[in-house]
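Below is one structure, written out as structure tokens; comments come after it.
Each value in this text was obtained by applying a stated rule to the coordinates, not by laboratory testing. Please read all numbers here as calculations on a predicted model, not as lab measurements. In this analysis, Cβ positions are derived from the backbone assuming ideal geometry, glycine residues included, and neighbour counts consider all displayed protein chains.
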Amino acid sequence: MHLFEAIIDANHRAVAGDASAGLHPAEFAESLPVIALTCVDPRLNAFFPNALALPGEQFIWLRNAGNIITGPMSSTMRSLALACAVKGGEEIAIIGHTDCQVAKTPTVVLLEKLNMLGVDRSRLPDNISEFFGTFGSERQNVIKACDFARSSPLIGPKIPVHGLMLDIGTGKLDWVVNGYDTLPANTHTPAPKTQFASIGEIGSFKNFEMGEMKFPDMKIGEAAVKTQTVQPPQVRIVAPTVAEAPKAPAPTLPPMRKKTPPPPTIQPRPKFPGKY
């Protein structure tokens, strides 16, 4: 069982009322510490890291409004990458929660609230939704964030990126993205064998006996005597004489074109007395 599979199992048993539910972190030492990205909602302070059954020193907590990742090279991704490289994080969990106020704030309402704080709309980017990463579904937001993190060149391919959802009322954790399923298969492809067999390898050298090797009965140097050098036939190239050279045909002139007679001169129409 992997670390977060054990965490989800212990969390569900604890929510169901099992007082003995818990986790033995020492059994998962190779997967610790854990990096978690959550929302800034203060209600989450009572759940983490308790909901994961992890000690505080094994829990690297990153937070922003709505646990949003806007791109594979965003500032949040930079923090996740540094937490892995500098703090030694082994697994990443992006944890959304129910009743998220960011999800309940449309873009128009967000602009109004910013305006009330003295933020001029003209100083903001054109695409507000893309800049702030606003969303309407907490689960879709977690899936999108996991996609960005998994595709980011800043995160190594061996680090699982999980997506979880926390019920703010009960503290229950549920899977959204199982990062273990998206890890690349660690399979070793053996190198293809060459056509040369090694000594002792099953194949052309099996049951080989020195007496079985046969040499030709020809003596050394005999082949050189029997071999004759064949000279290629000499080809004589004779240039043709002036008389023999073909004469070029005399150029023929194209037939003369007949001149086309000019059109008749148009005379002005005489005027006659009377009515027309």
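Apply the a/c threshold of 1.5 to the C-alpha gyration tensor of segment 72-137 and tell me whether it is rounded, prolate or oblate.
Note, shape of segment 72-137 comes out prolate.
Pop a pseudo-label 7 angstrom from the Cα along the beta-carbon direction at both residue 115 and residue 2 and give the gap in nm to one decimal.
So the two model labels end up 4.7 nm from each other.
Net charge near residue 34, counting Lys/Arg +1 and Asp/Glu -1 over other residues with Cβ under 9 Å of its Cβ?
So the surrounding residues net to -2.
Provide the net charge surrounding residue 158, with neighbours chosen by a C-beta distance below 14 Å and charges set as Lys +1, Arg +1, Asp -1, Glu -1.
Charge balance near residue 158 sits at -2.
For residue 177, list long-range residues whose amide hydrogen, built 1.01 Å from N in the peptide plane, is under 5 Å from its own amide hydrogen.
163, 164
Compare the Cα positions of 79, 46, 10 along the charge dipole of segment 8-119 (+1 at Cβ of Lys, Arg; -1 at Cβ of Asp, Glu; about the Cα centre) and return the one farthest towards the positive end.
Of the candidates, 79 comes out farthest on the positive side.
Stretched out fully, how many nm does the piece from residue 101 to residue 27 gain, at 0.36 nm a residue minus the Cα gap?
Gain in length upon complete extension: 22.9 nm.
Could you give the length gained by full extension between residue 182 and residue 20, i.e. 0.36 nm per residue of separation minus their alpha carbon distance, to one decimal place?
Length difference between fully extended and current span is 55.2 nm.
Could you tell me the calculated FRET efficiency between residue 151 and residue 45, based on Cβ-Cβ distance and R0 = 41 angstrom, to the nearest 0.05?
Rounded to the nearest 0.05, the efficiency is 0.85.
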